[in-house]
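Here is the structure we will look at, set down as structure tokens.
Derivation of every value follows stated rules applied to the coordinates shown; laboratory data play no part. In this text, all values refer to a predicted model and were calculated from it rather than measured experimentally. Note that we place each Cβ from the backbone using ideal geometry, even for glycine, and neighbour counts take in every protein chain shown.
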Amino acid sequence: MLHWNNPKFFFNYKNNHPLGSRILLWILIFSLSFTLISTTIQLYYDYRKEVAQIESRFELIRSGYVDSLAKSLWDLDREQVRIQLEGVLNFPDIRFLRLESNIWSENIILGSVPQNSDFVDDSSRFELIHHTPLKGDQLLGTLFVNIDYDAVYGRLWGTGLITVFSNTLFIFLISIALMIIVQLKVTRYLEAMALYTRQIGRGEENGPLELKHKPRSARPDELDQVVDAINEMRSAILQDIIRREQDQEKLLYSRDQLQEIVKRRTESLQSAKEVAETADKAKSQFLATMSHEIRTPLNGVIGMAQLLLNSELDGKNREYIEGIYQSSTILLETLNNVLDYAKLVEGVHIPESMAFRIDELSKSVALLFTPLATEKNLSLSVNIDPAMHNMCYGSVGALRQILSNLLANALKFTQEGSVEISVSPVWLYEGKQRVCFQVEDTGIGIPDVLQTRIFERFTQADESITRRFGGTGLGLAICKKMVDSLGGKMGVKSEEGKGSRFWFELTLDTQEGISADRAGISMTNTSSTAIRAMGAIEPNTPLKGHAAGVSKKSRPLHVLLVEDVSINRQVAEAFLSLEGFEVFCVVDGKEALEITQDQKFDLILMDVHLPEMSGVEVCQHIRESHSVNTDTPIIALTASVQPKEVEQYKRAGMSSVVPKPLIQGELRDAIQQVLQPTAPPADKASRQTNHTDEDNTVLDESLIALHLKVLGITKVEKIANELKHNAVATESKIHDAMIIADLFEVSEQAHKLAGAAETMGAKALASTLKRMECAANDEKLVEVERFHRALNGEISQTLTLLMDFIERHRKASSELQDKNAKANLPE
Ligand code: ADP
């Protein structure tokens with residue numbers, strides 16, 4: 001924007017200041033119009049004045065000159081006439097005079113008579129009359145007076161033009177002055193306000209509006225009022241922005257909170273799912289174990305019964321033995337089914353894949369059941385679609401078992417009519433064939449409501465059918481599991497009283513696809529390296545970290561200890577140091593992965609429950625990393641030593657497991673075993689945590705005494721103090737988490753402190769915390785609250801007893817020292 005003292009300011013004024021220029025224009029238009037009108041009026045009055053003056057001159061001539069001129073004419077005094085005429089000619093604006101005398105012949109003309117042809121003589125005439133007493137009035141001549149109107153008009157125009165010009169100049173200067181005043185007093189402030197409001201609109205914050213060069217008057221003028229209004233608007237906008245930002249922050253916070261809660265819920269749901277799955281598998285495993293255990297004596301019973309049946313028996317006894325034999329056979333079948341199902345759940349029961357012919361498989365299965373069909377007077381047929389590629393590659397054993405089960409059921413539940421096996425291709429593509437197997441019967445059928453549940457284990461149509469036909473309700477569940485494992489699907493279509501059609505379809509390699517894919521189809525389950533049981537060496541024989549008896553290396557063995565809970569870390573480190581190992585400690589999985597990348601260790605001790613990345617995951621990464629530690633033995637340290645969990649650690653590549661709380665002898669044994677696998681294993685792997693709910697002693701004094709013996713009182717005292725500090729901090733964290741009902745956090749904190757407490761021998765506290773952790777994982781808020789209420793008291797009780805115990809130990813050992821010292825004193 002140009003300043004007003006810049007010459008270009010005026011040229012660009014219209015563009016830069018449209019309002020100012022418009023005001024200027026209107027001022028000019030109005031002023032000029034007024035000037036013109038006033039000048040015209042002024043001219044009109046001047047004209048009237050001139051005319052009046054001419055009239056008065058004529059009057060003066062008439063009254064002052066006409067009579068004396070008539071007298072001079074009467075007297076024939078030419079000279080006097082001339083003098084008098086010159087006197088009249090001297091009046092202003094008289095162009096010329098002409099005297100036409102009746103006494104003498106020539107006219108007298110004074111002044112200049114225009115010679116131009118268009119001149120019209122409009123002179124005024126005065127009659128020169130002389131009165132004599134004898135003759136009365138006598139006309140002696142006529143005087144013509146010609147007025148110079150051009151001069152009068154010229155004068156009037158001149159005056160008018162000067163007036164217009166001077167007025168216009170005056171108005172122009174006034175307008176410029178006005179424009180400057182408007183610019184200085186109004187326009188520039190309006191422009192400043194516009195600029196300011198535009199800046200606010202763009203979100204540029206410049207503080208409240210203050211007009212430069214505009215001192216605020218005591219009584220605010222209009223501009224001050226506009227400034228106040230803009231500032232109020234600005235405050236309102238700012239408040240609005242702040243409120244919105246706060247709202248947005250609140251929203252973001254709530255969103256983050258929600259995300260966090262969802263994440264935790266998902267995690268806890270995931271872990272709950274895993275727990276449920278584990279429990280489910282454990283149940284199947286239990287059934288399988290039991291079945292397996294029962295099968296052995298049952299085989300004995302069947303064998304004995306068979307032997308008895310082959311011997312001489314009287315009718316009644318034979319009947320009894322036959323009863324025993326039949327019941328045992330049925331029981332054996334049931335047990336086999338349970339075992340099969342459990343194996344399927346474990347995913348280890350799919351027979352190996354091999355090449356086979358579908359038509360032959362179907363016919364051979366049908367052939368097996370022909371005697372039964374004949375016995376029941378049922379027609380049994382096999383129908384193979386001619387479009388089938390019979391030569392296939394797949395788990396023929398599984399197919400045979402599924403088909404046999406379906407066919408056995410079909411024959412079992414059909415009293416009259418027929419049973420048919422039919423096989424047809426669904427699609428054929430690039431060496432693979434989708435095949436649909438169907439077993440159709442005209443038997444009793446299955447009610448609609450049951451058709452959806454019929455593939456669940458232990459499901460049968462109803463009591464009467466079970467009573468009539470027997471069975472366990474496991475056959476279809478086994479078939480379904482097998483089909484699922486083979487990547488297929490299975491279903492049933494049935495109408496009560498009319499019959500059923502069981503079908504399953506799966507993809508098999510055809511002859512063309514066999515050679516290419518055979519390697520990938522193998523269904524054998526290769527179990528990973530078996531977990532090594534903890535070794536059995538003399539419990540108190542130290543390993544001597546220079547690997548005496550373990551390794552022939554001369555340097556101390558390097559052990560990496562991955563443990564996030566400080567107390568556990570200190571205890572484990574102390575144990576390892578006592579064994580002579582050089583111990584490197586890290587606190588989480590990330591650090592463990594970093595250090596194992598390029599620093600070779602002889603052994604890694606890995607806590608399983610680590611923050612962010614579990615010990616199991618870390619172990620997997622190390623095994624897959626191809627780093628210097630890919631083959632380093634890794635021992636899991638954990639309180640979770642259920643067989644399923646141990647199996648999981650094993651699958652992840654752990655070499656052994658040592659249960660928590662650590663016991664030096666056990667740790668030593670495990671290390672011995674993984675470093676020197678030839679040492680005979682001792683069956684100690686299944687040590688569970690020793691405490692039980694019934695065992696209500698607060699401290700595991702034997703463990704603490706062991707710690708005191710192995711680590712020394714100073715170290716134990718240090719660890720106990722740390723436990724105290726941890727317990728107080730954890731209690732407050734749990735308290736905070738309880739306020740917002742964050743059970744995930746409660747579970748995490750409880751788990752950590754439980755580990756530390758257990759290591760220290762505070763077994764009642766550890767037990768409470770573990771139960772609290774479980775309750776939190778199960779989202780049992782009321783239960784967690786109950787534990788939480790008790791926690792504070794329990795912590796202080798535990799810590800008091802722990803400190804007392806240590807103190808007692810200190811006193812006892814100093815008394816012992818005194819006693820020994822006295823005993824050694826000479827008499
Ligand atoms: P089980 O035969 O040992 O009882 P299954 O799992 O093989 O166990 O079968 C479960 C139930 O499904 C049977 O008890 C029966 O009620 C029903 N079922 C199976 N196959 C048929 C069939 N072909 N016709 C009618 N009902 C059947």
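Helix-only mean residue ellipticity at 222 nm, the chain, DSSP H runs n ≥ 4 weighted -39,500 (n - 2.57), per residue, nearest 500. What is it?
After summing the helix terms and dividing by residue count, I get -20000 deg cm²/dmol.
For Asp484 and Lys590, what does the FRET efficiency come to when R0 = 30 Å and r is the distance between their Cβ atoms, rounded to the nearest 0.05?
Numbers: r = 38 Å, r/R0 = 1.26.
Taking R0 as 30 Å, the efficiency between Asp484 and Lys590 is 0.20.
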Förster radius 30 Å - calculated FRET efficiency between Ser63 and Leu36 (Cβ-Cβ, nearest 0.05): 0.15
Label model pair Glu191, Ala790: point-to-point distance (7 angstrom along the Cα→beta-carbon line) in nm is 8.3
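Sorting check: for 272-280, 136-144, which peptide has the highest mean count of neighbouring beta carbons within 10 Å, and how do the rest follow? Write down the numbers at each step before the final one.
Numbers: 272-280: 12.0, 136-144: 16.2.
Per-residue Cβ counts within 10 Å, averaged per peptide and sorted highest first, yield 136-144, 272-280.
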If you take the square roots of the eigenvalues of the alpha-carbon gyration tensor of region 91-134 and sort them as a ≥ b ≥ c, do you get rounded (a/c under 1.5), prolate (a/b over b/c) or oblate? prolate
Cα-based Rg then Dmax for the chain, in Å, read 62.8, 218
Rounded to the nearest 0.05, what FRET efficiency do Ile176 and Asp93 give with R0 = 35 Å and r taken as the Cβ-Cβ distance? Could you check? 0.30
Report, ordered by chain and residue number, the lysines lying within cross-link reach of Lys363, taken as a straight Cα distance under 30 Å and ignoring same-chain residues fewer than 8 apart. Lys343, Lys376, Lys412, Lys432, Lys480, Lys481, Lys489, Lys493, Lys498
Would you mind checking the tilt of helix 566-578 against the longest principal axis of the Cα atoms of the chain, expressed as 0 to 90 degrees and rounded to 10? 50
For Phe126, other-chain or 5+-apart residues with amide H closer than 5 Å (H placed, Pro excluded) are Leu143, Phe144, Val145
Once the in-chain neighbours fewer than 8 apart are removed, the lysines whose Cα is under 20 Å from Lys780 read Lys263, Lys273, Lys733, Lys752, Lys770
Give the order of Tyr325, Tyr149 when sorted by the count of other beta carbons within 10 angstrom, beginning with the fewest. Tyr149, Tyr325
Once both labels are modelled 7 Å past Cα along the beta-carbon direction, what's the Arg216-Val710 spacing in nm? 8.0
Burial ranking of peptide ranges 240-246, 596-602, 442-448 (average Cβ count within 10 Å, highest at the top): 442-448, 596-602, 240-246
Please enumerate, by chain and number, the aspartates and glutamates with C-alpha under 16 Å from the C-alpha of Lys600, excluding those fewer than 8 residues away in the same chain. Glu582, Glu591, Glu624, Asp631
Highest to lowest packing among 309-320, 375-386, 608-619, scored as the average C-beta count within 10 Å: 608-619, 375-386, 309-320
Residue-by-residue Karplus 3J(HN,Hα) for region 794-807, coefficients 6.51, -1.76, 1.60, Hz, glycine and proline x: 5, 4, 5, 4, 4, 5, 4, 5, 4, 5, 4, 4, 5, 4
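Taking K and R as +1 and D and E as -1, what net charge do the other residues with C-beta under 13 Å from the C-beta of Asp148 add up to? The partial results should precede the final answer.
Working: positive: Arg57, Arg95, Arg155; negative: Glu50, Asp93, Asp121, Asp122, Asp150.
Here the charged neighbours net out to -2.
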Specify which residue in the list Leu368, Ser105, Gly445 is farthest towards the positive end of the charge dipole of the chain, using unit charges on the beta carbon of Lys, Arg (+1) and Asp, Glu (-1), about the Cα centre. Leu368
Could you give the length gained on full extension between Lys811 and Trp427, defined as 0.36 nm per residue of separation minus the Cα-Cα distance, in nm? 129.7 nm
Suppose the chain between Lys600 and Ile739 were pulled fully straight at 0.36 nm per residue; how much longer would it get relative to their current alpha carbon spacing? 45.4 nm
Spacing of the two label points (7 Å from each Cα toward its C-beta) at Asp121 and Glu79, in nm: 2.9
